[in-house]
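The values are calculated or read from the model by the stated rules, or taken from the named source; none is laboratory data. Bear in mind the structure is a predicted one, so any value in this text is a computation, not a measurement. Because the Cβ atoms are built from the backbone with ideal geometry, glycine has one as well, and the counts that use them run over all protein chains shown.
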Amino acid sequence: MIEVRWHGRGGQGAVTSVELLAVAAIAAGKYAQGFPSFGPERRGAPVAAFTRIDDKKINVRSGIYEPDVVLILDSSLIGLVNVTDGLKPNGKVIVNTNRSPEEIRRELDFKGTVATVDGTGIARKEMGVPIANTTMIGALLKVTGVMELDAMKDSVEHRFGRIAQKNLNAMKRAYDEIKISN
Amino acid sequence: MGKRMGMEVAMAVAEAVGLCNIDMAAVYPITPQSHIAEHLSDLVANGEVDAEFVTVESEHSAMSAVIGASGTGARSYTATSSQGLMYMHELLPIASAMRLPITMAIANRAVSGPLNILNDHSDIMPQRDSGWISIFVENGQEAIDMSIIAFKIAEHQDVMLPVNINIDGFQLTHMVEPFEMPSQEEVNKFLPPFVPHATLHPAKPVTMGAFAMSDYFPEIMKAKDEALKNSKKVVVDVFNEWGKMFGRNYKLVETYKTDDAEVIMLTMGSMGETAQMAIDQLRAKGIKAGLVKLRLWRPFPFEEIKAVIKNAKKLIVTDRAISFGGPGGPVFSEIKSAMYAETQRPLIYNYIYGLGGRDVPVGDFIGMFERVIADTANQLADTYEFWGVRE
Amino acid sequence: MALKTWKELPIGCVVSEPGSASEYHTGSWRSQRPVWDNQKCIKCGICYVFCPEGCVQQMEDGFFQADMDYCKGCGICAHECWPRAIKMIEEG
């Protein structure tokens, strides 16, 4: 089982991303959970959302305390929130930033995998909005290899209709452009 | 054929209800039930479900509206949570006394105060004696299945009672997870049209909910109690029928590795699967642990419970609510009264846990087992403790 | 009439005979009866509106009378009648 914790701010679409990812994983024949950090919805406040994906039925229903992967939608949260809290030592950090993985590694003092991509820049170019939640799914799939990028197609089309292709293009670019430092 | 898919459970519940040929729904939105209200109203507004969606101004009105609608012979549905359920409270015994087969989803959430929107069972427990059939579900699949099954139980000619389906708020309602959604054809085959025991109709007028004084009131209460007790058989039959048709078999009480278990834990609701993982870990260490999951809360399945716990040495009852100043958790006191007359019975322990959404990881369940097993002098038996509360 | 046992009650205690309350003659409660003075009556119908038993009826000539099978003698019609056309008089 792979457990992912997403960090974002209310309104940046972390919950939408975990939903898209879980729906796609289930459609691909896997078992998955996607859920928000339970509580009131507050635009701008630091929030977390969670994904579990496995090949067999998932029984656990408690929170995720020791994630395999942490994905940060908004790099301004680094320092504000303890983003590596409980992260497995050999785990992976994925950050939406135009900075290099090495720079983020130094800042987080983390020895596992660190990957960065300018998700906001890609989203701005591909979709005309600075919302990188769907873009960063591409980054996650590249770093974890948990699913093929193509597996996202149906769930994104179902959710976004006419603008689905732009989201898929952005996802693909993040998949291709992400820089990974092991 | 049903379809395997992933969706947020609350929305999936609305989809399932939409398959049930409902005539009307009156739902007032409240966290964490809101997505049921929103999605069901979408389905009606989009013409996908041919029903009347009544946008009421409160939960009191919602329950009043479904009582009235059900009285006219309409298949009627509502859903609520926490304070909304408390606000409905005075109408719940009326719905059951009038024998109206309404079904209601409850996205279980802590009752104020202090204000809290997260999951526990303190909203349903004060409704325990309202005369409703009360079912708890463990995962999204059960939430969907029971939402459909509930109509068939409620409307059975030998039952004619309202049913509530308890779905842990957030823990289940806000979870995107896989399940199989039955098809419209399958639901049509499973669920016959609603035949009411009487209807409000101008052509053949009747009086429902008439006044009754001491000359008739006790007889009416006895009739209601007998109806609720007798409904247990129908619940079993309908579960079996569902199992035959869909391959998902439900029992009033589920067991996990209880056959040779010395220490058994009992849970109700979404914590069952997490507790199951604790059982596996304890078994791996050589501890004979087992799990009992209570699905039917009312009518209480006394015989079924006794049969699965009587051979254990110790029983850990977990409760997500407390009867303040009373004997502990409501489930605990029920189990104790079930076992009182038994010569062979386990020592019974009670943990009040997960209040107001406090997360309960696998390790907490293991901790409860370890604490009970370590109690060799049986000092903690027959008492209750709050689990994980800072001292 | 023997009272029913719990087993004999209809489901949900539905009263299947409509208007069965009319079998109960509340007129037996009365110690005073309303009497209309049609010289003063202006046919406004306020007695008809206020009667809690609904037993005041308008006759063909437009004046009002109470059905004595149901009139409880409460006097609300007399109290509300502003032209003072209704007087309560002792029964018997």
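Worth pointing out:
- Scan of region B:106-120 for residues that are touching a residue at least 40 places away in the same chain (Cβ under 8 Å), among the aliphatic types (A, V, I, L, M) and assigned to a loop (DSSP other than H, G, I, E, B), ordered by number: B:Ala110, B:Ile117, B:Leu118
- In the set (1) touching a helix residue (DSSP H, G or I) at 6+ places or on another chain (Cβ under 6 Å); (2) assigned to a loop (DSSP other than H, G, I, E, B); (3) hydrophobic (A, V, I, L, M, F, W, C); (4) away from chain B (no Cβ under 14 Å), A:Leu141 fails one condition alone, (2).
- Residues of region C:1-36 that are part of a helix (DSSP H, G or I), at pLDDT 90 or above and closer than 27 Å to B:Pro202 by Cβ: C:Ile11, C:Gly12, C:Cys13, C:Thr26.
- Those strands (runs of 3 or more DSSP E) of region B:293-362 in which 2 or more residues are away from every other protein chain (no Cβ under 14 Å) and more than 30 Å from B:Met160 (Cα to Cα) occupy B:314-319, B:347-352.
Quick grid of which residues meet (1) within 30 Å of C:Leu9 (Cα to Cα); (2) in the same structural domain as B:Met98 (by TED's automatic domain parsing); (3) without any contact (Cβ under 8 Å) to a residue 12 or more places away in the chain:
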| site | (1), (2), (3) |
| --- | --- |
| B:Asp215 | yes, yes, yes |
| B:Gly272 | no, no, no |
| B:Lys293 | no, no, no |
| B:Trp297 | yes, no, no |
| B:Glu304 | no, no, no |
| B:Thr318 | no, no, no |
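- Unmet criterion (only one of (1) touching a residue at least 24 places away in the same chain (Cβ under 8 Å); (2) farther than 27 Å from B:Tyr87 by Cα) for B:Gly47: (1)
Conditions (1) within 15 Å of the chain's Cα centre (by Cα); (2) more than 30 Å from B:Asn230 (Cβ to Cβ); (3) of a type outside the set (Ser, Thr, Tyr), marked per residue:
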position: C:Leu3; (1), (2), (3): no, no, yes
position: C:Lys7; (1), (2), (3): no, no, yes
position: C:Val14; (1), (2), (3): no, no, yes
position: C:Lys40; (1), (2), (3): no, yes, yes
position: C:Lys43; (1), (2), (3): no, yes, yes
position: C:Val56; (1), (2), (3): yes, yes, yes
position: C:Phe63; (1), (2), (3): no, yes, yes
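- Of all residues in region A:41-62 being surrounded by 15 or more Cβ atoms within 10 Å (Cβ to Cβ) and in a loop (DSSP other than H, G, I, E, B), the one that is farthest from the other protein chains (Cβ to nearest Cβ): A:Ile58
- Subset of region A:63-80 that is among the β-branched types (Val, Ile, Thr) and within 23 Å of A:Gly145 (Cα to Cα) - its residue that is farthest from the other protein chains (Cβ to nearest Cβ): A:Ile72
- Summed over region A:104-133, residues that are surrounded by fewer than 17 Cβ atoms within 10 Å (Cβ to Cβ) and either outside any helix (DSSP H, G or I) or in contact with a strand residue (DSSP E or B) (Cβ under 8 Å, 6 or more places away or on another chain) (or both) total 6.
- Single match in B:Ala210, B:Ala223 (criterion: farther than 20 Å from B:Pro330 by Cβ, in a loop (DSSP other than H, G, I, E, B) and outside the structural domain of B:Gln379 (by TED's automatic domain parsing)): B:Ala210
- Scanning region B:154-185 for residues that are part of a strand (DSSP E or B), crowded, with 24+ Cβ neighbours inside 10 Å and within 12 Å of chain A (Cβ to nearest Cβ) yields B:Asp168, B:Val176, B:Glu177.
- Against the numbered list (1) under 18 Å from B:His35 (Cβ atoms); (2) touching a Lys or Arg at 6+ places or on another chain (Cβ under 7 Å); (3) more than 11 Å from every other protein chain (Cβ to nearest Cβ), A:Ala14 comes up short only at (2).
- Flag if A:Thr97 is in contact with a Ser or Thr (Cβ under 6 Å, 6 or more places away or on another chain) and in contact (Cβ under 8 Å) with a residue 40 or more places away in the chain: no
- For B:Val317: the one exception among (1) farther than 25 Å from B:Asn119 by Cβ; (2) in contact with a strand residue (DSSP E or B) (Cβ under 8 Å, 6 or more places away or on another chain): (1)
- Verdict on B:Glu241 being within 24 Å of the chain's Cα centre (by Cα), in a strand (DSSP E or B) and among the acidic types (Asp, Glu): no
Conditions (1) within 21 Å of the chain's Cα centre (by Cα); (2) more than 14 Å from every other protein chain (Cβ to nearest Cβ); (3) at pLDDT 95 or above, marked per residue:
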position	(1), (2), (3)
B:Lys233	yes, yes, yes
B:Thr258	no, yes, yes
B:Glu262	no, yes, yes
B:Met268	yes, no, yes
B:Met277	no, no, yes
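- Of the candidates B:Tyr384, B:Tyr349, the single residue that is crowded, with 22+ Cβ neighbours inside 10 Å and hydroxyl-bearing (Ser, Thr, Tyr) is B:Tyr349.
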